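Everything on this sheet refers to the single structure shown next.
The values are calculated or read from the model by the stated rules, or taken from the named source; none is laboratory data. Predicted model, so just to flag it, every value in this text is computed and none were measured. Cβ placement follows ideal geometry from the backbone for every residue including glycine, while neighbour counts extend to all protein chains displayed. Only protein heavy atoms, including side chains, enter the accessible area calculation; ligands, DNA and RNA are left aside. Shrake-Rupley method; radii C 1.70, N 1.55, O 1.52, S 1.80 Å.
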Amino acid sequence: MNEHLKHIREEIDAFSTTSAEEVDKFRLKYLGKKGILTALFDDIRTIAPEKRKEFGENVNTLKKIVQEKVEQLRQTIDNNRSQKTEMLDLSRPANSLSLGSRHPVSIVMQQICQVFEKIGFTVTEGPEIEDDWHNFEALNFPPEHPARDMQDTFFIEKNPDIALRTHTSSIQVRIMENNPPPIRAICPGRVFRNEVVTARSHCIFHQIEGLYIDKHVSFADMKQTLLYFAKEMFGSHIKIRLRPSYFPFTEPSSEMDISCDICGGKGCNLCKYSGWVEILGCGMVDTNVLENMHIDPDKYSGYAFGMGVERMAQQLYKTKDIRLLFENDIRFLKQFQSLC
Ligand code: PHE
């Protein structure tokens, strides 16, 4: 490489800038129409033939060096620019975080508890694995009652004394064992029954049971409390009806229906075309249960009720299939975000 080309090479190597404009100027200086290297290419004709090849190769090398340098400087400037804007753009919206939401069953459970808390009930919880006494015996279940059958109850390790609770009435037994009346408690929790999973029932579900024991508690008190509850939950237009029923731990016993809010009482598949939906069981606490708990039935009386939370959620959110509440499909659960 002759001195002149060497000098040009040194100049090229020494060049550096952080300005895009300067880079453009640099490119034009060497490769533009009137650029230094462009002129040298034109000079090739004037070079002695034996030196032409080498000269041509050298100028070509310089051209490549300039092109690479331009490319590299442009890239560095671009990178700096994007980094700077990332750091400086304080108005840029933050990356959105997808927040979790509460499960509709939890939302409804809390809502129910709040309705009863307003009238003096206290929320109490208990164990999911129960013994026979708390789940059945204390509640006046006769030994041959079908609920005690393997087909209805999940027993633990074939021990007939230990099972997954089939209702949260077991908590009420624990409350009565540990507290003298007056008692006013509400017991939410998960319960387990050995049942086929369908659109209307599941083998795991949630219940809320209530217990009120005091002097002179009557069936009318119970009915009024449950009417208040139905109206608070579903709206003042809701009607209730009580149908005679049977539970080992209450006498007399009833089942309570509310007018179906999905079809407005006209009849749909959720209310089995009757216009009414059963939401809870209730009744006056059986004197045998009070005696089991050493509560004097001549002095005290009380009522109890129990309801399925999923059934309530179905009515409130108008979901036809109970299984949706257990599948944990985010697309379904997200809909309840705004209700938290
Ligand atoms: N324990 C009953 C059930 O699981 C509900 C109930 C509770 C009924 C209290 C009457 C009184 O179905």
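Looking at this structure, is Phe154 within 11 Å of the ligand (Cβ to nearest atom), over 18 Å from Asp286 (Cβ atoms) and surrounded by 13 or more Cβ atoms within 10 Å (Cβ to Cβ)? Quick ask: steps written out before the conclusion?
On the way: within 11 Å of the ligand (Cβ to nearest atom): no; over 18 Å from Asp286 (Cβ atoms): yes; surrounded by 13 or more Cβ atoms within 10 Å (Cβ to Cβ): yes.
When the stated conditions are applied, Phe154 does not pass them.
Which condition from (1) part of a helix (DSSP H, G or I); (2) under 60 Å from the mean Cα position of the chain (by Cα) is the one that Leu37 breaks?
Here Leu37 clears every test but (2).
Restrict the check to region 323-339 and report whether at least one residue is touching a strand residue (DSSP E or B) at 6+ places or on another chain (Cβ under 6 Å), away from the ligand (no atom under 16 Å from the Cβ) and under 25 Å from His103 (Cα atoms). First the steps, then the outcome.
Here is the first cut: in region 323-339, the ones touching a strand residue (DSSP E or B) at 6+ places or on another chain (Cβ under 6 Å) are none.
For region 323-339, residues touching a strand residue (DSSP E or B) at 6+ places or on another chain (Cβ under 6 Å), away from the ligand (no atom under 16 Å from the Cβ) and under 25 Å from His103 (Cα atoms): absent.
In region 274-293, is there at least one residue being aliphatic (A, V, I, L, M), closer than 30 Å to Lys320 by Cα, modelled with pLDDT of 95 or more and touching a Cys at 6+ places or on another chain (Cβ under 8 Å)?
No; the residues of region 274-293 include none that is aliphatic (A, V, I, L, M), closer than 30 Å to Lys320 by Cα, modelled with pLDDT of 95 or more and touching a Cys at 6+ places or on another chain (Cβ under 8 Å).
Identify, from the list Asp43, Asp24, the residue that is modelled with pLDDT of 90 or more and acidic (Asp, Glu). Spell out the reasoning first.
Numbers: Asp43 fails: modelled with pLDDT of 90 or more.
After applying the criteria, what remains is Asp24.
Go through (1) open to solvent by 30 Å² or more (accessible area, probe 1.4 Å); (2) away from the ligand (no atom under 12 Å from the Cβ); (3) at pLDDT 95 or above one by one and return the number of the condition His206 breaks.
Exception for His206: condition (2).
For the condition assigned by TED's automatic domain parsing to the domain that holds Leu324, within 25 Å of Val289 (Cα to Cα), of a type outside the set (A, V, I, L, M, F, W, C) and within 13 Å of the ligand (Cβ to nearest atom), what is the one hit in Arg184, Arg190?
Working: Arg184 fails: within 13 Å of the ligand (Cβ to nearest atom).
After applying the criteria, what remains is Arg190.
Of all residues in region 222-232, how many are within 14 Å of the ligand (Cβ to nearest atom) and open to solvent by less than 60 Å² (accessible area, probe 1.4 Å)? If you could, list the steps in order and put the result at the bottom.
Filtering region 222-232 down to residues within 14 Å of the ligand (Cβ to nearest atom) leaves 222-223, 225-226, 229.
Keeping just the survivors that are open to solvent by less than 60 Å² (accessible area, probe 1.4 Å) gives 222, 225-226, 229.
The qualifying residues number 4.
Can you tell me which residues in region 58-74 are open to solvent by less than 40 Å² (accessible area, probe 1.4 Å) and either free of Cβ contacts under 8 Å to residues at least 12 places away in the same chain or not basic (Lys, Arg) (or both)? Please lay out each step first, then the result.
Narrowing region 58-74 to residues open to solvent by less than 40 Å² (accessible area, probe 1.4 Å): 58-59, 62, 65-66, 69-70, 73.
Selection gives Asn58, Val59, Leu62, Ile65, Val66, Val70, Leu73.
Can you find even one residue in region 206-224 that is β-branched (Val, Ile, Thr) and within 19 Å of Pro104 (Cβ to Cβ)? Full working, then the answer.
Taking region 206-224 and keeping what is β-branched (Val, Ile, Thr), we get 208, 213, 217.
Still in the list and also within 19 Å of Pro104 (Cβ to Cβ): 208.
Yes, the conditions are met somewhere in region 206-224.
May I ask you to say which residue of Phe41, Phe55 is closer than 18 Å to Lys6 by Cβ and either open to solvent by less than 40 Å² (accessible area, probe 1.4 Å) or among the polar types (S, T, N, Q) (or both)? Step through it out loud before you land on a result.
Working: Phe41 fails: either open to solvent by less than 40 Å² (accessible area, probe 1.4 Å) or among the polar types (S, T, N, Q) (or both).
The unique qualifying residue is Phe55.
Does Pro146 satisfy being open to solvent by 20 Å² or more (accessible area, probe 1.4 Å) and more than 17 Å from Val285 (Cα to Cα)? Give the derivation first.
Details: open to solvent by 20 Å² or more (accessible area, probe 1.4 Å): yes; more than 17 Å from Val285 (Cα to Cα): yes.
Judged against the criteria, Pro146 is a match.
For region 163-200, how many residues are in contact with a helix residue (DSSP H, G or I) (Cβ under 9 Å, 6 or more places away or on another chain), assigned to a loop (DSSP other than H, G, I, E, B) and open to solvent by 50 Å² or more (accessible area, probe 1.4 Å)?
Total meeting the criteria: 3.
Cβ-Cβ below 6 Å, separation at least six or inter-chain, first residue in region 208-219 and among the small types (Gly, Ala, Ser), second within 10 Å of the ligand (Cβ to nearest atom): which pairs?
Gly210/Phe305
Picking from Val196, Val217, which residue would you name as being β-branched (Val, Ile, Thr), over 22 Å from Ser259 (Cα atoms) and either within 16 Å of the ligand (Cβ to nearest atom) or in contact with a His (Cβ under 6 Å, 6 or more places away or on another chain) (or both)?
Values: Val196 fails: either within 16 Å of the ligand (Cβ to nearest atom) or in contact with a His (Cβ under 6 Å, 6 or more places away or on another chain) (or both).
Checking each option against the conditions leaves just Val217.
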